[in-house]
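All remarks here apply to the structure that follows.
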Amino acid sequence: MRILAVISGQYGQRHVDNLRANGPSDWEIEVWQAPAFLPPVIDDPEDFVPGSLPPADVIFAFGEHQGIAELIPEIARMTGAKAVIAPVDREEWLPRGLARQLRGWLADMGVTCVTPKPLCSLTETHYNVRHHRVEYDEPLIAEVAQHFGQPVLRITVDPEARTITEVDVRRDAFCGCARHVGQGLVGVHANDAEEKAGLLHHHYPCLAGMQKDADFNDTLMHVSGNILKLEVGGQVKPYVEVSYIVPGERSDG
């Protein structure tokens, strides 16, 4: 698979580094560093992209400026890409109206675009937008989502000690957070695993926004953390000790 990652800063670079280190060996990942500053309105996108770009099957739009989204259709045309993954990890980088426009512009070109909010909600069949599940049908994106997106872990627990002995990361987050969390969970008691996962996620740190998002009434960082905590909680649930309070006799004294 040929991938072009459009980045403009550390957010995108960190994703690219993880994809190159842990993605399939046959993925060819090229990077285009977009301009750090763009005008509020872009009338001629071709003025802000290079004269040529390498061919690509999929574009990862990892820009940190909303103007970069306006360049994506021209980049898709130049590269021949058939699919675009444009995450919404911060609303100011890809506002909901612009995300909707981007999907429409690319659909008119025959290009499938997904805008998962947050990026770690992406699976082989669906993703989140505005707290709703959105289905898609694009084999190229589904192939990417087999490896990166909504974290999938296989946790092995010692049934007697109730501690985690191994974590196999079947699907990592794009940024590598799930792999980091998995490593940190080894040796943790099942009772503490979900809370520990949340702390490890926060300290990685997660790259999603820390401003309260109107769609979730929460920060996207917390939304991302909850996705991972639910995965961990479901895996260790059979081994969690449940305490019961037995009422005693009431004392008259």
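Quick one: in the range 51-78, of everything that is small (Gly, Ala, Ser) and at pLDDT below 95, which residue is farthest from TRP27 (Cα to Cα)?
Across the range 51-78, the extreme among qualifying residues is GLY67.
Would you point out the residue of the range 159-172, among those that are surrounded by fewer than 23 Cβ atoms within 10 Å (Cβ to Cβ) and under 16 Å from the mean Cα position of the chain (by Cα), that is nearest to CYS120 (Cα to Cα)?
Of everything passing the filter in the range 159-172, ARG171 is nearest to CYS120 (Cα to Cα).
Across the range 93-143, what is the number of residues that are part of a helix (DSSP H, G or I), out of contact with any helix residue (DSSP H, G or I) (no Cβ under 7 Å at 6 or more places or on another chain) and of a type outside the set (Asp, Glu)?
The qualifying residues number 13.
Count, please, the residues in the range 110-145 that happen to be out of contact with any strand residue (DSSP E or B) (no Cβ under 7 Å at 6 or more places or on another chain) and more than 21 Å from GLU91 (Cα to Cα).
Adding up the residues that qualify gives 7.
Here's the yes/no breakdown for (1) more than 28 Å from HIS131 (Cα to Cα); (2) touching a residue at least 12 places away in the same chain (Cβ under 8 Å); (3) under 18 Å from the mean Cα position of the chain (by Cα):
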| position | (1), (2), (3) |
| --- | --- |
| VAL157 | yes, yes, no |
| PHE174 | no, yes, yes |
| VAL186 | yes, yes, no |
| HIS189 | yes, yes, no |
| ALA208 | no, yes, yes |
| ASP218 | no, no, yes |
| GLY234 | no, no, no |
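When you go through ALA178, ALA193 one by one, which is the residue that is surrounded by 18 or more Cβ atoms within 10 Å (Cβ to Cβ), in contact with a Pro (Cβ under 6 Å, 6 or more places away or on another chain), touching a residue at least 40 places away in the same chain (Cβ under 8 Å) and over 30 Å from ARG77 (Cα atoms)?
Within the list ALA178, ALA193, the selection yields ALA178.
Residue by residue through the range 62-92, note down the ones that are part of a loop (DSSP other than H, G, I, E, B) and surrounded by fewer than 23 Cβ atoms within 10 Å (Cβ to Cβ).
GLU64, HIS65, GLY80, LYS82, ARG90, GLU91, GLU92
The values are calculated or read from the model by the stated rules, or taken from the named source; none is laboratory data. If you're wondering where the values come from, they're calculated on a predicted model, not measured in any experiment. Ideal geometry is used to build each Cβ from the backbone, glycine not excepted, and the neighbour counts take in all protein chains shown.
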